[in-house]
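Engineer: What follows is a single structure, and I will ask about it in a moment.
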């Protein structure tokens with residue numbers, strides 16, 4: 001008897017410009033999917049993003065990447081982007097498509113899936129609390145969400161949000177927001193091995209609180225600087241430093257505040273640091289702080305924990321219930337409570353705080369949120385979507401899609 005080997009199924013996953021975080025996840029997912037009978041093709045929708053200083057077009061030998069943009073037009077219009085996406089899907093003929101709903105260009109992709117009977121997976125890390133919610137918009141989003149066969153989300157809050165939008169719990173997988181833990185763990189260890197040299201080279205204090213963020217309103221860096229000023233007063237002699245890694249439109253305003261508070265000698269703003277540079281800043285820090293007033297997840301918390309740091313995380317961050325164990329690896333804080341944050345900073349810097357044990361706890365907790373977690377979740381949602389009945393859009397849903405699609 002001749003055994004005919006079954007051809008692998010084909011999956012497509014669509015992202016905007018691919019940064020190092022996407023590539024790490026997708027490289028692992030590609031290998032995982034191949035092992036279980038899926039070929040994964042990545043479509044890069046645009047070649048650049050406004051919010052992040054990376055550009056698409058990089059190469060990974062293990063990734064199959066198709067681009068829905070041209071070298072002469074790295075950021076095509078939504079309408080042109082949608083046309084190119086559909087053309088690529090017609091060429092690949094996938095057995096499953098994974099994508100979000102963060103652009104009007106993606107709604108024609110959803111229509112293509114439901115009309116062609118192709119299983120679709122929703123990528124989403126939104127939560128109820130990451131922005132103000134409007135009733136009619138949530139109703140529309142609920143109608144759209146129910147057209148997907150399954151969903152890959154971040155954690156507890158992402159799952160709760162999708163359930164409220166009508167996605168059955170058994171069709172939701174978590175693990176969307178992960179980083180390459182080993183990259184940050186090993187990089188931090190290398191930095192600690194040559195700490196004296198690096199502190200001088202990078203102009204870093206002996207002890208410091210660290211934040212990595214874009215300098216925009218929702219990151220609440222102004223609140224952090226004010227809380228730090230309170231900490232300095234409460235601390236008395238020899239306060240730790242504060243290092244704010246990142247850049248953005250509020251940089252000038254934040255530095256002016258630092259100067260007005262007379263903290264120029266204690267606060268460092270080293271600017272944006274790329275993927276390869278970041279582990280050293282984590283490795284030489286003592287405590288990581290993310291004070292955001294709104295955050296869908298907070299991947300920098302994953303990074304800090306992988307590097308073995310205790311954390312102070314805003315209760316508004318989507319990752320808080322999944323990654324922070326109160327008093328074990330850190331604490332959650334009210335982003336509007338300057339006094340509370342200052343007190344937590346003082347307590348974390350005190351001699352009575354066992355930061356080493358907290359750092360070890362961080363590493364253990366985040367070890368459950370890995371590239372493998374993402375890969376397993378991606379495969380699980382593809383299989384789940386393939387088994388779920390594909391809902392054909394009725395008249396109302398078709399009208400909604402038409403309105404949302406780019407003109």
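Engineer: Of the residues that make up the range 257-275, is at least one within 15 Å of residue 246 (Cβ to Cβ) and buried (at least 23 other Cβ atoms within 10 Å of the Cβ)? Working first, answer last.
Structural biologist: Of the residues in the range 257-275, the ones within 15 Å of residue 246 (Cβ to Cβ) are 258, 267-275.
Next, only the ones that are buried (at least 23 other Cβ atoms within 10 Å of the Cβ) stay: 267.
Scanning the range 257-275 turns up at least one residue that is within 15 Å of residue 246 (Cβ to Cβ) and buried (at least 23 other Cβ atoms within 10 Å of the Cβ).
Engineer: What about residue 277, is it more than 17 Å from the chain's Cα centre (by Cα), in the same structural domain as residue 225 (by TED's automatic domain parsing), closer than 22 Å to residue 343 by Cα and free of Cβ contacts under 8 Å to residues at least 24 places away in the same chain?
Structural biologist: Numbers: more than 17 Å from the chain's Cα centre (by Cα): yes; in the same structural domain as residue 225 (by TED's automatic domain parsing): yes; closer than 22 Å to residue 343 by Cα: no; free of Cβ contacts under 8 Å to residues at least 24 places away in the same chain: yes.
No; evaluated as a whole, the condition is false for this residue.
Engineer: Go through the residues of the range 93-106 one by one and say whether even a single one is under 24 Å from residue 171 (Cβ atoms), at pLDDT 95 or above, in a strand (DSSP E or B) and over 18 Å from the mean Cα position of the chain (by Cα).
Structural biologist: So far as the range 93-106 goes, yes, one or more of its residues are under 24 Å from residue 171 (Cβ atoms), at pLDDT 95 or above, in a strand (DSSP E or B) and over 18 Å from the mean Cα position of the chain (by Cα).
Engineer: Of the numbered conditions (1) outside the structural domain of residue 381 (by TED's automatic domain parsing); (2) without any contact (Cβ under 8 Å) to a residue 40 or more places away in the chain; (3) part of a helix (DSSP H, G or I); (4) within 26 Å of the chain's Cα centre (by Cα), residue 201 satisfies every one except a single condition; which is it?
Structural biologist: All conditions pass for residue 201, except number (4).
Engineer: Same structure, new question: Only residues that are without any contact (Cβ under 8 Å) to a residue 40 or more places away in the chain and part of a loop (DSSP other than H, G, I, E, B): list them for the range 358-376, please.
Structural biologist: 368
Engineer: Within the range 270-295, which residues are farther than 25 Å from residue 332 by Cβ and in contact with a helix residue (DSSP H, G or I) (Cβ under 6 Å, 6 or more places away or on another chain)?
Structural biologist: Of everything in the range 270-295, those that are farther than 25 Å from residue 332 by Cβ and in contact with a helix residue (DSSP H, G or I) (Cβ under 6 Å, 6 or more places away or on another chain) turn out to be 275, 280.
Engineer: Within the range 111-137, take every residue that is in contact with a helix residue (DSSP H, G or I) (Cβ under 7 Å, 6 or more places away or on another chain) and in a helix (DSSP H, G or I) and give me the one that is surrounded by the fewest Cβ atoms within 10 Å (Cβ to Cβ).
Structural biologist: If we take residues in the range 111-137 being in contact with a helix residue (DSSP H, G or I) (Cβ under 7 Å, 6 or more places away or on another chain) and in a helix (DSSP H, G or I), then 112 is surrounded by the fewest Cβ atoms within 10 Å (Cβ to Cβ).
Engineer: Yes or no: residue 218 buried (at least 21 other Cβ atoms within 10 Å of the Cβ) and either outside any helix (DSSP H, G or I) or at pLDDT 95 or above (or both)? Show your work before the answer.
Structural biologist: Details: buried (at least 21 other Cβ atoms within 10 Å of the Cβ): no; either outside any helix (DSSP H, G or I) or at pLDDT 95 or above (or both): yes.
Answer is no for this residue.
So that you can scan it fast, the table gives a plain yes or no per residue for (1) surrounded by fewer than 20 Cβ atoms within 10 Å (Cβ to Cβ); (2) under 14 Å from residue 372 (Cα atoms); (3) in contact (Cβ under 8 Å) with a residue 40 or more places away in the chain; (4) touching a strand residue (DSSP E or B) at 6+ places or on another chain (Cβ under 7 Å):
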residue: 11; (1), (2), (3), (4): no, no, yes, yes
residue: 28; (1), (2), (3), (4): no, yes, yes, no
residue: 33; (1), (2), (3), (4): no, yes, yes, yes
residue: 47; (1), (2), (3), (4): no, no, no, yes
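Engineer: Could you list, in sequence order, all residues of the range 204-237 that are free of Cβ contacts under 8 Å to residues at least 40 places away in the same chain and under 26 Å from the mean Cα position of the chain (by Cα)?
Structural biologist: 215, 216, 222
Engineer: In this structure, is residue 153 free of Cβ contacts under 8 Å to residues at least 40 places away in the same chain, buried (at least 21 other Cβ atoms within 10 Å of the Cβ), in contact with a strand residue (DSSP E or B) (Cβ under 9 Å, 6 or more places away or on another chain) and under 25 Å from residue 291 (Cα atoms)?
Structural biologist: Details: free of Cβ contacts under 8 Å to residues at least 40 places away in the same chain: yes; buried (at least 21 other Cβ atoms within 10 Å of the Cβ): yes; in contact with a strand residue (DSSP E or B) (Cβ under 9 Å, 6 or more places away or on another chain): yes; under 25 Å from residue 291 (Cα atoms): yes.
Here the answer is yes, as residue 153 does meet what is asked.
Engineer: Scanning the range 238-260 for residues that are in a loop (DSSP other than H, G, I, E, B) and more than 26 Å from the chain's Cα centre (by Cα), which turns out farthest from residue 289 (Cα to Cα)?
Structural biologist: So the first thing to find is which residues in the range 238-260 are in a loop (DSSP other than H, G, I, E, B), and the list is 238-240, 246-250.
Okay, now just the ones that are also more than 26 Å from the chain's Cα centre (by Cα), so 238-240.
Numbers: 238: 19, 239: 16, 240: 13 Å.
By that ranking, first place goes to 238.
Engineer: Here's a follow-up. Just to be sure, is residue 244 in contact with a helix residue (DSSP H, G or I) (Cβ under 7 Å, 6 or more places away or on another chain) and either free of Cβ contacts under 8 Å to residues at least 60 places away in the same chain or more than 24 Å from residue 337 (Cβ to Cβ) (or both)? So that I can check it myself, show each step before the final result.
Structural biologist: Values: in contact with a helix residue (DSSP H, G or I) (Cβ under 7 Å, 6 or more places away or on another chain): yes; either free of Cβ contacts under 8 Å to residues at least 60 places away in the same chain or more than 24 Å from residue 337 (Cβ to Cβ) (or both): yes.
Taking the combined requirement at face value, the residue satisfies it.
Engineer: Also, I was wondering about something else. Assigned by TED's automatic domain parsing to the domain that holds residue 107, within 30 Å of residue 81 (Cα to Cα) and either in a helix (DSSP H, G or I) or modelled with pLDDT of 95 or more (or both), is that true of residue 390?
Structural biologist: Values: assigned by TED's automatic domain parsing to the domain that holds residue 107: yes; within 30 Å of residue 81 (Cα to Cα): yes; either in a helix (DSSP H, G or I) or modelled with pLDDT of 95 or more (or both): no.
So residue 390 fails the test.
Engineer: Hey, does the range 138-149 have a residue that's under 24 Å from residue 303 (Cα atoms), at pLDDT 95 or above and either assigned to a helix (DSSP H, G or I) or in the same structural domain as residue 275 (by TED's automatic domain parsing) (or both)?
Structural biologist: Applying the first criterion (under 24 Å from residue 303 (Cα atoms)) to the range 138-149 yields none.
No, because not a single residue in the range 138-149 is under 24 Å from residue 303 (Cα atoms), at pLDDT 95 or above and either assigned to a helix (DSSP H, G or I) or in the same structural domain as residue 275 (by TED's automatic domain parsing) (or both).
Engineer: For the range 306-341, how many residues meet the condition of being in a loop (DSSP other than H, G, I, E, B), out of contact with any helix residue (DSSP H, G or I) (no Cβ under 7 Å at 6 or more places or on another chain) and modelled with pLDDT of 95 or more?
Structural biologist: Adding up the residues that qualify gives 4.
The values are calculated or read from the model by the stated rules, or taken from the named source; none is laboratory data. Note that this is a predicted model, so its numbers are computed, not measured. Positions of Cβ are backbone-derived with ideal geometry, glycine not excepted, and every protein chain shown enters the neighbour counts.
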